[in-house]
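This report concerns only the one structure given below.
The values are calculated or read from the model by the stated rules, or taken from the named source; none is laboratory data. Nothing here was measured: the structure is a model prediction, and the numbers come from that model. We place every Cβ from the backbone using ideal geometry, glycine too, and count neighbours over all the protein chains shown.
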Amino acid sequence: MKRRDFIHLSGLGLGAMITPGVLAMGNTVTAEQLTIPGLENAAKKNLADVALNAAKAKGASYTDVRIGRYLQQFLFTREKNVENITNAESFGVGIRVIADGTWGFAATSDVTPDGIKACAETAVAIAKANARLQSEPVVLAPVPGYGEVTWNTPIQKNALAVPVKEKIDLLLSVNNAALDNGAAFVNSNLFMINEQKYFASTDGSYIDQDIHRIWPTFNVTAVNKAEGNFRSRQALSAPMGMGYEYMDGLAKDKLANPAGFNSYKNSYDMVEDAVAAAKHSKEKLTAKSVLPGKYDLVLDPDHLGLTIHESVGHPLELDRVLGYEANYAGTSFATLDKWKAGDFKYGSDKVNIVADKTQPLSLGNTGYDDEGVKCKEWDLIKNGVLVNYQAIRDQAKIINESESHGCCFADNWSSVQFQRMPNVSLKPGTEKLSAADMVKGVEKGVYIIGRGSYSIDQQRYNFQFGGQLFYEIKNGEIVGMLEDVAYQSNTQEFWNSCAQICDKDDYRFFGSFFDGKGQPSQSSAVSHGSSTTRFDGVNVINTGRKI
Amino acid sequence: MAILTKEEAKQIIDKVLSYAKADETAVSISGGRTGNIRYARNTVNTSGETNEITLNITSVYGKRSGSASVNELDDESLRRAVVRAEEIAQLAPENPEYMPMLGPQQYIESKTFVESTNKINPDYRAQVAHDSIKPSGEKNLTAAGYLEDFSGFSAMGNSKGMFGYNKSTSVDFSVTVRTADGTGSGYSSRDFNDASLLNSREVTTLAMQKAQASVNAQAIEPGKYTVILEPTAAFDLMRLLTSGMDARSADEGRSFLSKKGGGTRLGEKLFDERVNIYSDPTHPEIPSAPWTNEGFPREKTTWVEKGVVKNMFYSRYWASKQGVTPVGRPGGVIIEGGDQSIADMIKSTERGVLVTRFWYIRAVDPQTLLYTGLTRDGTFYIEDGQIKFPVKNFRFNESPIIMLNNIEALGKLQRVGGNMIPAMKIRDFTFTSLSDAV
């Protein structure tokens with residue numbers, strides 16, 4: 001299959017169900033092959049040294065090499081049927097060099113000394129060819145050589161080693177639970193990824209990392225054929241940087257939400273959520289259509305995460321700010337002059353947003369990024385003021401940083417690494433406050449749960465978000481379900497209307513498993529942590545239409 | 001070389017089939033060269049070229065199927081891949097919706113391959129970028145663009161005697177030009193099978209004109225407007241309708257084509273009678289591969305005639321269940337247009353908005369096909385038959401079904417994303433808010 005078919009995944013509404021025909025990158029293999037160890041580190045070090053030496057011999061002033069084995073298992077079911085099981089392995093080497101002050105990149109699946117040498121030489125040749133068009137030489141922020149180090153996602157149970165039958169049985173029991181509770185249709189999927197990445201560079205690092213991610217999800221639909229209506233409710237799971245232990249659904253990870261059912265923290269009860277989803281999808285068929293107007297919004301972390309992603313995560317990518325994404329994703333309203341001014345009020349005083357690639361269990365959690373920089377946490381918005389961006393080694397100097405933030409990523413050995421969004425999270429409130437307490441303080445509001453329709457302009461000013469579930473709040477109480485709800489706002493206005501944030505006990509992750517960026521598009525995974533948050537006086541529109 | 005000839009492909013497929021022990025086996029090989037060049041801030045930032053070939057085997061026992069793929073085509077690798085696919089198939093759960101493989105089919109000779117595109121090399125790509133960057137830089141404008149080219153082949157065969165082979169090429173180019181102060185932005189794009197039709201300087205000139213003309217956009221009130229959608233903008237919304245005509249979803253009651261009380265709206269007049277939508281794999285400007293994703297020969301198919309829904313997509317499984325003939329998804333569609341140029345459309349508009357393209361389009365309600373998104377890179381206010389001034393971008397909430405009932409005029413066709421799309425003049429298009437984005 002062609003690469004861009006895969007990238008299609010990232011372009012789908014996160015809500016849209018992914019068709020089982022959409023396959024993974026790499027060659028399809030048996031499930032057993034996904035658990036066989038890859039090359040020993042000593043062998044990878046030898047191969048990496050071939051690349052470093054070959055590029056240097058051709059005149060490269062800097063080289064990094066990534067030997068990557070990317071393993072994926074995707075399971076797709078529908079009602080009583082298994083629609084597809086995809087096991088894929090992609091193995092190869094990507095080599096990036098600086099020669100004549102210019103980047104060059106080449107990749108090969110021929111993981112032999114000869115293949116790697118030829119690939120390194122190609123990368124240098126490309127750099128030299130492009131040097132003619134380069135106006136300013138690349139300058140890298142310094143990074144220490146870490147020697148030979150390893151980092152592994154702290155998983156308890158490798159999801160790829162769990163028998164396929166066990167996972168399929170779980171998905172089919174999810175489907176049965178939904179059908180037994182009144183759903184007309186249900187699709188359920190399980191996505192599992194293991195990246196075995198070996199990085200080496202002329203700075204003296206040899207970094208071996210074993211990274212795991214998992215995402216269980218479903219879509220449940222109720223139909224009223226007589227009226228010609230249908231409504232769906234998707235899973236309230238979060239994709240996580242975890243092993244199969246995420247599927248344990250432990251009681252300690254269940255949090256009763258103000259709408260009277262369970263939200264999930266660091267493990268997920270998929271069957272329980274499917275039962276709730278079936279009931280919700282039926283309830284949605286007859287829910288009251290919202291009256292448009294200004295409402296105070298109480299946003300659940302499983303919803304707010306996407307708003308953070310779109311209105312804070314993307315606009316603070318420095319490459320966007322500089323114009324490198326102008327022909328595709330766009331640029332950013334958060335221009336350098338606003339940051340330089342030092343007083344740009346992105347949000348209210350309550351808004352503290354951090355970037356990190358270190359939060360345990362998050363999708364972004366890695367030891368080192370894809371240019372060998374140790375990962376860390378840093379502030380983006382402090383007490384409402386814009387204080388920083390997301391920058392990698394060749395951008396750090398533009399914002400007067402002495403080191404990279406460590407957020408460089410490539411989605412495969414064959415893709416060139418570039419700046420990608422780390423986890424971007426809203427810090428919880430410091431005063432004790434539960435979601436139920438928050439609802440009590442709202443006179444006229446809407447409580448929104450789950451990721452829905454989302455759209456934002458190319459500079460990230462104007463956005464419109466929907467959700468999975470909407471509940472009307474009147475005088476401190478939830479009085480019923482609403483439908484046809486979407487809110488429209490402007491990023492700065494919205495974050496400045498942030499009035500209250502629940503405490504750390506309510507803090508949960510939202511995640512985007514297939515986030516797209518770049519041309520050709522690359523996919524990455526990122527988490528956004530937050531607690532339930534209140535935004536005052538936001539414009540709500542009614543999306544119901546007659547056709 | 002990644003492009004195998006028909007004979008080479010057939011030989012390999014036959015060899016793989018000779019190794020197979022399963023009840024049914026299908027083999028597909030595809031490969032080719034994909035190249036790209038990307039530039040921004042008037043400088044090339046990435047370029048590359050990939051050659052790859054992949055052979056995929058699907059083995060079936062009863063209703064159990066399994067697949068394996070390889071990049072190496074030596075006998076030993078092929079043998080191992082067959083064994084692997086057969087192992088996976090034997091372990092797979094039964095698929096109650098499995099349809100037996102098709103026998104031999106008659107496919108047309110497609111015109112999807114053009115030598116000019118096959119000949120593209122890194123120098124060509126650099127020239128395309130240069131021809132876009134240079135004129136932009138000379139006018140103190142900033143260009144960001146992307147070119148992707150493909151030249152390759154695809155072949156398939158199975159143990160029931162089916163065999164097909166096709167070569168194809170494509171080239172996609174897009175460019176966004178911005179003014180130095182960031183107050184103006186313009187976009188233009190083109191795609192072809194034949195690279196000799198692409199002139200990146202011309203495409204860039206259009207984007208430059210839009211960038212300069214869109215400086216200092218004024219805010220006008222959101223609301224319902226008559227809009228003139230350039231073909232790119234029209235396609236952005238029409239594809240959401242033409243790709244959503246699946247019969248199974250409609251029969252299941254979860255589509256805009258589902259009927260109240262059950263059944264589908266096939267045969268109903270849903271749109272203005274000027275709406276005619278069809279597909280034709282032999283169309284000279286948008287030739288498509290000769291077979292559908294299920295292996296049937298692609299044929300000229302009418303989807304909408306005089307506003308009436310004439311066909312929906314039926315998979316082989318769903319068609320057999322419903323007792324009808326399968327209807328495959330088309331390669332590209334043609335929405336019939338008219339003679340009017342965009343200038344003619346502007347001239348006849350008392351008050352309206354000209355839209356270059358839409359952006360970040362997302363489904364709001366699948367029941368009504370309501371979508372939201374924004375205008376981008378060239379939005380202009382029209383009054384008394386003339387473009388008056390650039391306007392700030394709008395967010396819209398609109399359904400292509402409603403649009404196709406509010407047609408004022410249809411313009412000349414242009415190829416967009418492998419489809420033939422007219423410019424469209426639509427009344428009462430719903431803009432719901434303003435955006436400051438340029």
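Could you tell me which numbered condition residue A:145 fails, if it satisfies all but one of (1) over 29 Å from residue A:365 (Cβ atoms); (2) surrounded by fewer than 18 Cβ atoms within 10 Å (Cβ to Cβ)?
Tallying (1) over 29 Å from residue A:365 (Cβ atoms); (2) surrounded by fewer than 18 Cβ atoms within 10 Å (Cβ to Cβ), residue A:145 fails exactly one: (1).
Name the residue that is farthest from residue A:438 (Cα to Cα), counting only residues in region A:493-542 that are assigned to a strand (DSSP E or B) and of a type in the set (D, E, K, R).
Of the residues in region A:493-542, the ones assigned to a strand (DSSP E or B) are A:498-501, A:508-517, A:522-530, A:533-542.
Narrowing the set further to residues that are of a type in the set (D, E, K, R) leaves A:508, A:515, A:517, A:534, A:536.
Working: A:508: 16, A:515: 31, A:517: 36, A:534: 8, A:536: 12 Å.
Out of the qualifying residues, it is A:517.
For region A:32-71, which residues satisfy the criterion of being in a loop (DSSP other than H, G, I, E, B) and within 29 Å of the chain's Cα centre (by Cα)?
First pass over region A:32-71, keeping only residues in a loop (DSSP other than H, G, I, E, B): A:36-40, A:58-61.
Result: A:36, A:37, A:38, A:39.
Taking the residues in region B:55-98 that are among the acidic types (Asp, Glu) and facing chain A (nearest Cβ under 9 Å) as candidates, determine which candidate is surrounded by the fewest Cβ atoms within 10 Å (Cβ to Cβ).
Keep residues of region B:55-98 that are among the acidic types (Asp, Glu), which gives B:72, B:74-76, B:86-87, B:94, B:97.
Narrowing further to those that are facing chain A (nearest Cβ under 9 Å): B:87, B:94, B:97.
Numbers: B:87: 15, B:94: 13, B:97: 15.
That would be B:94.
Checking residue B:46 against (1) in contact with a Ser or Thr (Cβ under 9 Å, 6 or more places away or on another chain); (2) within 11 Å of chain A (Cβ to nearest Cβ): exactly one of these is not met. Which one?
That leaves (1) as the condition not met.
Of all residues in region A:321-365, which are crowded, with 24+ Cβ neighbours inside 10 Å and more than 23 Å from residue A:529 (Cα to Cα)?
Once the filter is applied, which keeps residues that are crowded, with 24+ Cβ neighbours inside 10 Å and more than 23 Å from residue A:529 (Cα to Cα), region A:321-365 yields A:321, A:324, A:325, A:326, A:327, A:330, A:331.
Taking only region B:3-32 into account, find how many residues are surrounded by fewer than 19 Cβ atoms within 10 Å (Cβ to Cβ) and within 16 Å of residue B:149 (Cα to Cα).
1
Cβ-Cβ under 8 Å, sequence separation 6+ or interchain: first residue in region A:230-242 and more than 14 Å from every other protein chain (Cβ to nearest Cβ) and surrounded by fewer than 24 Cβ atoms within 10 Å (Cβ to Cβ), partner aromatic (Phe, Trp, Tyr) and part of a loop (DSSP other than H, G, I, E, B). Which pairs?
Listed by first residue and then by second, the contacts come to A:237/A:268.
For region B:410-438, enumerate the residues that are assigned to a strand (DSSP E or B), within 14 Å of another protein chain (Cβ to nearest Cβ) and either more than 30 Å from residue A:335 (Cα to Cα) or under 17 Å from the mean Cα position of the chain (by Cα) (or both). Quick ask: steps written out before the conclusion?
Applying the first criterion (assigned to a strand (DSSP E or B)) to region B:410-438 yields B:410-416, B:419-434.
Then drop every residue that is not within 14 Å of another protein chain (Cβ to nearest Cβ), which leaves B:428-434.
Listed by number, the residues that qualify are B:428, B:429, B:430.
Say whether the condition of being within 14 Å of chain B (Cβ to nearest Cβ) and assigned to a loop (DSSP other than H, G, I, E, B) is met by at least one residue in region A:334-355.
Residues of region A:334-355 that are within 14 Å of chain B (Cβ to nearest Cβ), as a first pass: A:334-338.
Adding the requirement that they be assigned to a loop (DSSP other than H, G, I, E, B) leaves A:334-335.
Yes; the residues of region A:334-355 include at least one that is within 14 Å of chain B (Cβ to nearest Cβ) and assigned to a loop (DSSP other than H, G, I, E, B).
In region B:99-124, what count of residues is obtained for those that are facing another protein chain (nearest Cβ under 10 Å) and either in contact (Cβ under 8 Å) with a residue 24 or more places away in the chain or farther than 24 Å from residue B:33 by Cβ (or both)?
Filtering region B:99-124 down to residues facing another protein chain (nearest Cβ under 10 Å) leaves B:122-123.
Pick out the ones that are also either in contact (Cβ under 8 Å) with a residue 24 or more places away in the chain or farther than 24 Å from residue B:33 by Cβ (or both) and you get B:122.
Matching residues across region B:99-124 total 1.
Please enumerate the residues belonging to region B:34-52 that are at pLDDT 90 or above, surrounded by fewer than 20 Cβ atoms within 10 Å (Cβ to Cβ) and under 23 Å from the mean Cα position of the chain (by Cα).
Listed by number, the list holds a single entry, B:36.
Given the options A:127, A:106, A:159, A:123, name the one that is buried (at least 18 other Cβ atoms within 10 Å of the Cβ) and within 26 Å of residue A:213 (Cα to Cα). Reasoning before the result, please.
Values: A:127 fails: within 26 Å of residue A:213 (Cα to Cα); A:106 fails: within 26 Å of residue A:213 (Cα to Cα); A:123 fails: within 26 Å of residue A:213 (Cα to Cα).
Going through A:127, A:106, A:159, A:123 in turn, the sole match is A:159.
List the strands (runs of 3 or more DSSP E) that sit entirely inside region B:160-266 and contain at least 3 residues that are more than 22 Å from the chain's Cα centre (by Cα), outside the structural domain of residue B:110 (by TED's automatic domain parsing) and modelled with pLDDT of 95 or more. Reasoning before the result, please.
Details: elements: B:163-179, B:185-192, B:224-229.
In region B:160-266, B:224-229 are the strands (runs of 3 or more DSSP E) which contain 3 or more residues that are more than 22 Å from the chain's Cα centre (by Cα), outside the structural domain of residue B:110 (by TED's automatic domain parsing) and modelled with pLDDT of 95 or more.
Would you mind stating whether residue A:340 is assigned by TED's automatic domain parsing to the domain that holds residue A:430 and free of Cβ contacts under 8 Å to residues at least 40 places away in the same chain? Steps first, answer last, please.
Working: assigned by TED's automatic domain parsing to the domain that holds residue A:430: yes; free of Cβ contacts under 8 Å to residues at least 40 places away in the same chain: yes.
The answer is yes for residue A:340.
Suppose the filter is part of a helix (DSSP H, G or I), more than 13 Å from chain B (Cβ to nearest Cβ), in contact with a Ser or Thr (Cβ under 9 Å, 6 or more places away or on another chain) and not aromatic (Phe, Trp, Tyr); does residue A:140 pass it?
Numbers: part of a helix (DSSP H, G or I): no; more than 13 Å from chain B (Cβ to nearest Cβ): yes; in contact with a Ser or Thr (Cβ under 9 Å, 6 or more places away or on another chain): yes; not aromatic (Phe, Trp, Tyr): yes.
For residue A:140, the condition - part of a helix (DSSP H, G or I), more than 13 Å from chain B (Cβ to nearest Cβ), in contact with a Ser or Thr (Cβ under 9 Å, 6 or more places away or on another chain) and not aromatic (Phe, Trp, Tyr) - is not met.
Looking only at region A:107-128, count how many residues are of a type in the set (A, V, I, L, M), within 14 Å of chain B (Cβ to nearest Cβ) and over 29 Å from residue A:399 (Cα atoms).
Residues meeting the conditions: 4.
For region A:126-146, give me the residue count where each residue is small (Gly, Ala, Ser) and in contact with a strand residue (DSSP E or B) (Cβ under 7 Å, 6 or more places away or on another chain). Can you show your working first?
First pass over region A:126-146, keeping only residues small (Gly, Ala, Ser): A:127, A:129, A:131, A:135, A:141, A:145.
If we keep only those that are in contact with a strand residue (DSSP E or B) (Cβ under 7 Å, 6 or more places away or on another chain) as well, we get A:127, A:131, A:135, A:145.
Counting residues in region A:126-146 that are small (Gly, Ala, Ser) and in contact with a strand residue (DSSP E or B) (Cβ under 7 Å, 6 or more places away or on another chain) gives 4.
Quick check, is residue B:331 under 26 Å from residue A:542 (Cα atoms), touching a residue at least 12 places away in the same chain (Cβ under 8 Å) and away from chain A (no Cβ under 14 Å)?
Values: under 26 Å from residue A:542 (Cα atoms): no; touching a residue at least 12 places away in the same chain (Cβ under 8 Å): yes; away from chain A (no Cβ under 14 Å): yes.
Against the criterion (under 26 Å from residue A:542 (Cα atoms), touching a residue at least 12 places away in the same chain (Cβ under 8 Å) and away from chain A (no Cβ under 14 Å)), residue B:331 does not qualify.
Look at residue B:155 and say whether it is of a type in the set (Gly, Ala, Ser) and at the interface with chain A (Cβ under 10 Å from one of its Cβ atoms). Full working, then the answer.
Working: of a type in the set (Gly, Ala, Ser): yes; at the interface with chain A (Cβ under 10 Å from one of its Cβ atoms): no.
No; evaluated as a whole, the condition is false for this residue.
Give A:523, A:527, A:531, A:489 a once-over and let me know the one that is closer than 19 Å to residue A:315 by Cβ and away from every other protein chain (no Cβ under 14 Å).
Working: A:523 fails: closer than 19 Å to residue A:315 by Cβ; A:531 fails: closer than 19 Å to residue A:315 by Cβ; A:489 fails: away from every other protein chain (no Cβ under 14 Å).
Answer to the check: A:527.
Which count do you get for residues in region A:99-141 that are polar (S, T, N, Q) and closer than 13 Å to residue A:67 by Cα?
Narrowing region A:99-141 to residues polar (S, T, N, Q): A:102, A:108-109, A:112, A:122, A:130, A:134-135.
From the residues that got through so far, the ones that are closer than 13 Å to residue A:67 by Cα too are A:108-109, A:112.
So the count comes out to 3.
Does residue A:483 count as of a type in the set (D, E, K, R) and more than 10 Å from chain B (Cβ to nearest Cβ)?
On the way: of a type in the set (D, E, K, R): yes; more than 10 Å from chain B (Cβ to nearest Cβ): no.
Criteria not met by residue A:483.
Out of region A:194-228, which residues are farther than 17 Å from residue A:162 by Cβ, more than 14 Å from chain B (Cβ to nearest Cβ) and either acidic (Asp, Glu) or not in a strand (DSSP E or B) (or both)?
A:195, A:202, A:203, A:204, A:208
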